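Laboratory data are not the source of any read-out in this text; all were calculated from the coordinates shown. From a predicted model like this one, the values you see are computed outputs, not experimental measurements. For neighbour counting, all protein chains shown are included, and Cβ atoms are generated from backbone atoms with ideal geometry for every residue, glycine included.
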Amino acid sequence: LDLVVNGQLDALTTDNTILAGYAAQPAYKGKLKVVGKTFSEERYGVGLKKGDVALCEKVNTALKKMVDSGEWQKAVDANFGPAGFKVDTATNPPKTDACS
């Protein structure tokens, strides 16, 4: 990141939410921004032992509770808001996969 800020690199590419997280950090506020169109889709997941339906359901329940309570949005606002980044509402908040 410092190479971009000091002009040794023109750009950095990675997942847009990672970039927004960098840009939101106080050290980079006003120095970095997310630009351009998305050219790939990155899905996130939680690694679980194959077949652990009980744990999968607990994770899904926790995510749903976080979204329903507003805590998810608070976390999004706190981590991405300072960068002026708008999350994609098609993928945020996340939709959980069925446990099987």
Value of Rg/Rh across the chain [Cα atoms, Kirkwood radius]: 1.06
Cβ-placed point charges (K, R +1; D, E -1), dipole of the chain about Cα centre in debye, nearest 20: 120
Loop chymotrypsin sites (Phe, Trp or Tyr not before Pro), the stretch 1-42, which have at most 10 other Cβ atoms in a 10 Å radius of their Cβ (DSSP): PHE39
Share of alpha-carbon pairs per 5 Å distance bin for the stretch 1-54, given as whole %: 4, 16, 22, 19, 11, 9, 7, 6, 5, 2
GNM flexibility winner over the chain from GLY51, GLY21, GLY30 (Cα, springs under 10 Å): GLY51
Helix-only CD estimate at 222 nm, as mean residue ellipticity for the chain, using -39500 (n - 2.57) per DSSP H run (n ≥ 4): -11500 deg cm²/dmol
Pairs beyond 32 Å (Cα-Cα), from LYS37/LYS95; LYS50/LYS86; LYS29/LYS58; LYS29/LYS50: LYS50/LYS86; LYS29/LYS58; LYS29/LYS50
Cβ-Cβ FRET estimate between THR61 and LYS29, R0 fixed at 30 Å, reported to 0.05: 0.25
